[in-house]
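Chemist: Supplied in structure tokens, the structure appears directly below.
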Amino acid sequence: MRDLSSLPVGPVDSDDHVRGTAGDALIVYAEFSCPECAVAAERIRASDRSVCFRHFALESRSALAVKLAIASESAARQGMFWEFHDSLFADQGRLDDPHLWQRCELLGIDLDRFEADRRDPLLADKVASQATAAMRAGATGAPSFVVSGSLQQDFPA
Amino acid sequence: MSIIAPDTLVPSFELGREDGTKFTEADLLGKRTVLVFYPFAFSPVCTSQLQVYTEALPEITADGTVIYAVSTDASFSQSAFREHLGVPIEQLSDFEPKGAASKVFGAYFEPAGMTNRALVIVGDDGRVLWSYLAESPGDLPGVNLIIDGLAAS
């Protein structure tokens with residue numbers, strides 16, 4: 001049984017995916033089948049601010065969310081998290097397995113290793129633990145942004 | 001309007017169940033109950049809230065606690081909403097007279113004529129154990145608050 005009692009989110013650490021070096025990274029809880037998350041990702045890229053991506057993938061919200069989150073972690077094992085992140089958000093109409101394999105081919109991700117890593121329970125554990133952390137901090141939707149230690153759904157100024 | 005306070009015996013009220021029967025204060029007896037008041041079925045924000053609560057149902061209901069969602073929508077709309085989302089949380093309708101039960105709990109938002117966003121935990125003796133009223137209907141209570149409320153009650 002998970003502990004879902006209140007707990008603020010933790011700071012950026014070595015297990016996080018961080019892009020950019022401009023100031024403190026904006027921590028975003030998001031999932032890859034969520035259109036609002038894609039819009040937020042584009043706004044962050046356009047702003048040139050640094051960002052830390054964490055998964056808020058729930059089966060109750062999207063049948064694809066957890067699967068895509070694990071796939072992105074699999075890509076991360078080959079150093080391709082952000083490339084895979086951008087690819088998924090750029091085309092959310094093609095998120096089934098054959099489309100993911102096609103993305104791997106285009107991005108130069110070793111498909112055999114990608115498929116093997118997707119089945120590693122450690123990746124599922126990471127995705128689940130980040131969702132739990134978001135719920136403990138009060139997240140009620142995606143994307144959620146950490147501002148002054150608290151989660152909010154409004155895009156931060 | 002103030003949310004119903006802990007240790008208050010829940011007064012008489014009546015809500016509509018999805019099967020057309022009534023849900024009253026008598027249905028609160030014999031088990032711990034979480035009532036989730038939310039503004040509207042199918043509004044994007046409410047959708048997210050109930051989906052997150054659904055994710056935490058194993059933890060919420062672990063000790064036999066029962067959870068219901070309450071809004072001023074008609075039962076037909078609530079059922080369609082629940083089925084559309086795949087959300088198993090039973091819906092209770094405060095449709096007619098509109099908001100009457102929500103007012104009993106202090107969970108009605110008069111300025112917009114809708115249920116406010118509130119949480120009430122009632123003990124098996126029908127007394128309020130814990131309650132929470134959001135500062136505004138746009139302020140979504142996370143599921144962590146329910147878990148904290150259950151732990152404190």
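The values are calculated or read from the model by the stated rules, or taken from the named source; none is laboratory data. Bear in mind the structure is a predicted one, so any value in this text is a computation, not a measurement. In this analysis, Cβ positions are derived from the backbone assuming ideal geometry, glycine residues included, and neighbour counts consider all displayed protein chains.
Chemist: Go through segment B:134-148 and give me each residue that's buried (at least 21 other Cβ atoms within 10 Å of the Cβ) and more than 9 Å from chain A (Cβ to nearest Cβ).
Modeler: B:137
Chemist: Exactly one condition in (1) free of Cβ contacts under 8 Å to residues at least 24 places away in the same chain; (2) surrounded by fewer than 20 Cβ atoms within 10 Å (Cβ to Cβ); (3) more than 14 Å from chain B (Cβ to nearest Cβ); (4) within 30 Å of residue B:42 (Cβ to Cβ) is false for residue A:43; which is it?
Modeler: (1)
Chemist: Pick from A:49, A:113: which is away from every other protein chain (no Cβ under 14 Å), touching a strand residue (DSSP E or B) at 6+ places or on another chain (Cβ under 8 Å) and in contact (Cβ under 8 Å) with a residue 12 or more places away in the chain? Can you show your working first?
Modeler: Values: A:113 fails: touching a strand residue (DSSP E or B) at 6+ places or on another chain (Cβ under 8 Å).
Result: A:49 is the single residue among A:49, A:113 that is away from every other protein chain (no Cβ under 14 Å), touching a strand residue (DSSP E or B) at 6+ places or on another chain (Cβ under 8 Å) and in contact (Cβ under 8 Å) with a residue 12 or more places away in the chain.
Chemist: Tell me which residues, restricted to segment B:102-133, are among the aliphatic types (A, V, I, L, M) and within 13 Å of chain A (Cβ to nearest Cβ).
Modeler: B:119
Chemist: Quick one: how many residues across segment B:13-60 are in a helix (DSSP H, G or I), in contact with a strand residue (DSSP E or B) (Cβ under 7 Å, 6 or more places away or on another chain) and more than 14 Å from chain A (Cβ to nearest Cβ)?
Modeler: Result for segment B:13-60: 1.
Chemist: A further question follows. Out of (1) assigned to a loop (DSSP other than H, G, I, E, B); (2) under 16 Å from residue A:130 (Cα atoms), the odd one out for residue A:67 is which?
Modeler: Unmet for residue A:67, out of (1) assigned to a loop (DSSP other than H, G, I, E, B); (2) under 16 Å from residue A:130 (Cα atoms): (1).
Chemist: Would you point out the residue of segment A:118-151, among those that are in a loop (DSSP other than H, G, I, E, B) and away from chain B (no Cβ under 14 Å), that is surrounded by the most Cβ atoms within 10 Å (Cβ to Cβ)?
Modeler: Step by step, filter segment A:118-151, then rank; the result is A:120.
Chemist: Right, another one. So for segment B:100-112 (the condition being surrounded by 21 or more Cβ atoms within 10 Å (Cβ to Cβ) and without any contact (Cβ under 8 Å) to a residue 60 or more places away in the chain), does at least one residue qualify?
Modeler: no
Chemist: When you go through (1) touching a Phe, Trp or Tyr at 6+ places or on another chain (Cβ under 9 Å); (2) farther than 23 Å from residue B:145 by Cβ one by one for residue B:45, which number turns out not to apply?
Modeler: (2)
Chemist: Looking at segment A:13-21, can you tell me whether even one residue there is under 30 Å from residue B:151 (Cβ atoms), at pLDDT below 95, surrounded by fewer than 20 Cβ atoms within 10 Å (Cβ to Cβ) and not aliphatic (A, V, I, L, M)?
Modeler: Quick first cut of segment A:13-21, residues under 30 Å from residue B:151 (Cβ atoms) only: A:13, A:15-16.
So of that shortlist, the ones also at pLDDT below 95 come out as A:13, A:15.
From what's left, surrounded by fewer than 20 Cβ atoms within 10 Å (Cβ to Cβ): A:13, A:15.
Filter once more, so that each one left must be not aliphatic (A, V, I, L, M): A:13, A:15.
Yes, the conditions are met somewhere in segment A:13-21.
Chemist: Pull out all pairs, ordered by first then second residue, where Cβ-Cβ is under 7 Å, the residues are six or more apart or on different chains, the first lies in segment B:1-22 and is over 22 Å from residue B:89 (Cα atoms), and the second is charged (D, E, K, R) and in a strand (DSSP E or B).
Modeler: B:7/B:127; B:8/B:127; B:9/B:127
Chemist: Within segment B:6-25, can one find any residue that is touching a Phe, Trp or Tyr at 6+ places or on another chain (Cβ under 8 Å) and within 20 Å of residue A:5 (Cβ to Cβ)?
Modeler: Yes, there is a match, as at least one residue in segment B:6-25 is touching a Phe, Trp or Tyr at 6+ places or on another chain (Cβ under 8 Å) and within 20 Å of residue A:5 (Cβ to Cβ).
Chemist: Find the residue count for segment B:65-76, including only residues that are away from every other protein chain (no Cβ under 14 Å) and either among the aliphatic types (A, V, I, L, M) or loosely packed, with under 13 Cβ neighbours inside 10 Å (or both).
Modeler: Total satisfying the criteria: 4.
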